[in-house]
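The values are calculated or read from the model by the stated rules, or taken from the named source; none is laboratory data. Source: prediction; values computed, not measured. The area values use the complete protein model at the heavy-atom level, side chains included, leaving out ligands, DNA and RNA. Shrake-Rupley method; radii C 1.70, N 1.55, O 1.52, S 1.80 Å.
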Amino acid sequence: MAEDPTPTVVRWFTEGFGGPARPGYRTTGPAEGSTGRFGAAAEYARARYPGRVGELVRREILAYEDLAHLFDGSGLIPRLVDDLLADRGADRDARP
């Protein structure tokens, strides 16, 4: 009797199409206590970039906040949050 090929096929399919997490490329998510930072940056992004772009940036930040363990480890969203919050602070300082 031939061996059941299903486990091999399933393994090939899931590994070839983004199946199991690759630990070297995943993040653990926002640090404890930083949740407010992500929400503040998301709302500022919508105000800073009105229209569809601001909404897209807002949604990406909120998705990262909820699902960071599924994102790659590039750190793009945390850097974006830092930049938005720094920009927001600069806007506040520039106002009379």
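Restricted to the stretch 20-51, and to residues there that are open to solvent by less than 30 Å² (accessible area, probe 1.4 Å) and assigned to a loop (DSSP other than H, G, I, E, B), the residue that is modelled with the lowest pLDDT is Gly29. Considering only residues in the stretch 58-83 that are among the aliphatic types (A, V, I, L, M) and open to solvent by 30 Å² or more (accessible area, probe 1.4 Å), the one that is modelled with the lowest pLDDT turns out to be Leu70.
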